[in-house]
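Enquirer: Take a look at this one; I'll ask things after.
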Amino acid sequence: MSTLQRSRPVPVAAPRPHPVRELLRFGTVGTLGTVISIGGANLMRALLVVGPVTTVLIPTMLSTLFSYLANRHWTFRHRHTDGSGREVALFFGLNGVGILIQALCTAFTHYTLGLHDALSYNVALLTGLGLASAWRYWSYKKWVFRRTARV
């Protein structure tokens, strides 16, 4: 009778993509998230009688959920996760700052500048998304999807 043991495969760290590839993946997820945010915001603005900030907040929250899943499982899958709720809490907390940036841009345009037309609304949306995206990319890399140690 033979007592051969099966060897278990050694876990291999996922290969790190080139920084440009990582940025392109982040941009792809961001583009899809932008479609969700802007499309949803304009759809809500056209179909529902709610304020301009509400039309930004709800689609952006949906976009946030999509972005977390796509970034964790595609863009930053090679980066460390400890499996705890820390990463999720940080992601959504930092995203809350991004949502605040977007909402402030829309509120400023609508309430402070008094611009209520569709063009001004969409310029405010895009400005807020651009500023919030820069914040998100920097903060995700720094605090959420951290580098793994080289093996």
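The values are calculated or read from the model by the stated rules, or taken from the named source; none is laboratory data. Not measured: the values here are computed from a predicted model. Note: ideal-geometry Cβ built from the backbone for every residue, glycine included; neighbour counts use all protein chains shown. The protein model used for the area step is the full one, side chains on, heavy atoms only, and it has no ligands, DNA or RNA in it. Shrake-Rupley method; radii C 1.70, N 1.55, O 1.52, S 1.80 Å.
Enquirer: For the stretch 14-151, what is the accessible area per residue in Å² when the probe is 1.4 Å?
Expert: Value returned for the stretch 14-151: 55 Å² of accessible area per residue.
Enquirer: Convert each backbone phi in the stretch 33-47 into a coupling constant with the Karplus relation 6.51 cos²θ - 1.76 cosθ + 1.60 (shift: θ = phi - 60°), then list the ³J(HN,Hα) values in order as whole Hz, x for Gly and Pro.
Expert: My calculation for the stretch 33-47 gives x, 5, 4, 5, 5, 6, x, x, 5, 5, 5, 5, 4, 7, 9 Hz in order.
Enquirer: Take MET44, MET61 and sort them by solvent-accessible surface of the protein heavy atoms, 1.4 Å probe, largest at the top.
Expert: From most accessible down to least: MET61, MET44.
Enquirer: Still on this structure: Tell me, rounded to the nearest percent, the portion of alpha carbon pairs in the stretch 36-126 spaced more than 21 Å apart.
Expert: 38
Enquirer: List every residue whose amide H lies under 5 Å from the amide H of ARG146, counting only residues 5 or more places away in sequence or on a different chain, with H placed 1.01 Å from N in the peptide plane.
Expert: Under 5 Å from the amide H of ARG146 lie the amide H atoms of HIS80, each far enough along the sequence or on another chain.
Enquirer: Residue by residue, what Karplus-based ³J(HN,Hα) values in Hz, rounded to whole numbers, does the stretch 103-108 have, using 6.51, -1.76 and 1.60 with θ = phi - 60° and x for Gly and Pro?
Expert: 5, 5, 5, 5, 4, 4
Enquirer: Moving to a separate point now. To the nearest 10 square angstrom, what accessible area does HIS18 show with a 1.4 Å probe?
Expert: Ignoring ligands and nucleic acids, HIS18 comes out at about 110 Å².
Enquirer: I would also like to ask the following. Of LEU115, LEU129, ALA70, which is farthest on the positive side of the dipole of the stretch 20-151, counting Cα position, with +1 on Lys and Arg Cβ, -1 on Asp and Glu Cβ, and the Cα centre as origin?
Expert: ALA70
Enquirer: How charged is the neighbourhood of ALA70? Take every other residue with its Cβ under 11 Å from the Cβ of ALA70, and add Lys/Arg as +1 and Asp/Glu as -1.
Expert: +3
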